[in-house]
Structures are given as C-alpha cells and as structure tokens.
Amino acid sequence: MGRVRGPHGIHGEVVVSSYTDFPQRLAKGSRIYLSVSGAEPQPLNIESSRPHKMGWIIKFDQLQNRTEAETARNGDLLVPETSLHPLPEGRYYPHQLIGCEVFTLSNQELGVVKNVVDMVSNPLLEVEGPHGEILIPLVESIVIRVDLSQRRVTVDPPKGLIELNP
C-alpha cells in the first residue's frame with residue numbers, strides 16, 4: 001500500500017509514497033505493517049499523518065526519533081490480505097500479479113511474475129522465464145489483459161523490449 005522513502009525531521013516522522021486507492025488507511029489510529037528488506041512485517045500504529053507533495057508524512061507511535069525512522073527507509077507498508085477492500089471489475093492489487101504466467105498476444109510464453117517493482121513513472125513487472133529476467137512496464141498500452149482466475153497476464157510489448165532486457 002506504500003513505501004517509506006525516509007525520515008522527515010528529527011521526531012520520528014517518515015515520508016511515504018502511497019499506492020493505495022484508500023487513503024483513509026493512513027488516518028490517525030490506523031494499524032499497518034512495515035516490512036523492511038523482506039523481513040517479517042512488524043505492526044505500527046499511526047499517530048498522525050498529513051499529505052505532503054506527492055506522498056504523505058506519517059508519524060508512527062513506535063518511531064520516536066530520526067534514527068529510529070531511518071530503520072524504516074525503503075520499507076513496504078502493508079495491510080493484512082483479509083482487510084483489503086474489494087476492487088471494481090478489472091482492477092487488482094499488485095501483489096496479486098506475483099506468480100501469474102505472462103504471455104504475449106501471439107501466445108509466446110515470457111515467464112512468471114516474480115515481483116512488481118515500484119518506479120516513479122509506473123510500476124514494472126519483473127518476469128523470470130526462458131528469456132531470463134524481463135522488466136515490463138505495467139501500463140494499459142502494454143499489459144492488455146489480467147486474468148487472476150487463470151493466473152495469466154497477456155502483454156503486447158513494444159518491438160525490441162524483450163531483446164533489450166538482459
């Protein structure tokens with residue numbers, strides 16, 4: 001639902017890039033989880049939050065100073081799957097794509113989604129397959145169809161994208 005970019009000030013606040021369509025999850029009193037470098041998620045309580053530039057400034061009860069806030073840098077903010085809001089038809093959470101098989105429109109197998117990488121412009125699908133690792137922009141013009149029931153993603157990569165990836 002978000003990523004901690006780093007500390008803000010000296011009182012334990014952090015700057016967060018939010019990816020949620022439900023900003024109320026970042027309200028005072030909310031409980032979310034922080035996972036740094038893939039470690040077991042730790043619960044955090046939001047003491048205060050406010051919009052800031054392209055993200056949020058959040059103060060967690062558990063982070064009291066800049067040094068403690070620094071430990072959260074690049075950490076992923078998560079919510080339990082059981083508390084996810086249902087999404088409209090055709091929408092999905094990025095984590096739901098992990099493990100999906102990826103094919104081109106011509107049914108060429110590209111591999112399996114191993115990760116969804118957050119980027120400033122748009123996320124990237126990290127696909128591992130017969131061509132090695134391929135990074136595919138997660139944009140409507142390239143990702144044509146996502147079928148979560150079949151665990152299948154259909155893409156129409158621009159000419160040369162597959163060959164550009166190492």
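General remarks:
- Extension reserve of the GLN150-ARG66 stretch, reckoned as 0.36 nm per residue once the Cα distance is removed: 25.7 nm
- Kirkwood-type radius of the chain, with distances r between different C-alpha atoms, in Å: 17.3 Å
- Based on DSSP H segments of at least four residues, each scored -39500 (n - 2.57), the chain has a per-residue ellipticity at 222 nm of -1000 deg cm²/dmol.
- Given their separation in residues at 0.36 nm each and the Cα-Cα distance between them, ARG50 and ILE10 gain 12.7 nm when the chain is fully extended.
- Cut-off 9 Å between beta-carbons: net charge of the residues surrounding SER48, Lys and Arg +1, Asp and Glu -1: +1
- Counted residue by residue at 0.36 nm each, then reduced by the alpha carbon distance between them, the extension gain from THR20 to TYR92 reaches 24.8 nm.
- Relative protection proxy for 69-78, 148-157, from highest mean packing down: 69-78, 148-157 (other beta-carbon atoms within 10 angstrom).
- Projected label points at GLN42 and LEU105, each 7 Å from Cα along the beta carbon direction, are separated by 4.8 nanometres.
- Summing Lys and Arg as +1 and Asp and Glu as -1 over all other residues whose Cβ lies under 13 Å from the Cβ of GLY29 gives a net charge of +2.
- Charge sum, other residues only, whose C-beta stays under 14 Å from LYS114's C-beta, Lys/Arg counted +1 and Asp/Glu -1: -3
Only the coordinates and a few stated rules stand behind these numbers; no lab work does. This is a predicted model, so every value here is computed, not measured. Neighbour counts are summed over all protein chains in view; Cβ atoms, including those assigned to glycine, are modelled from backbone coordinates with ideal geometry.
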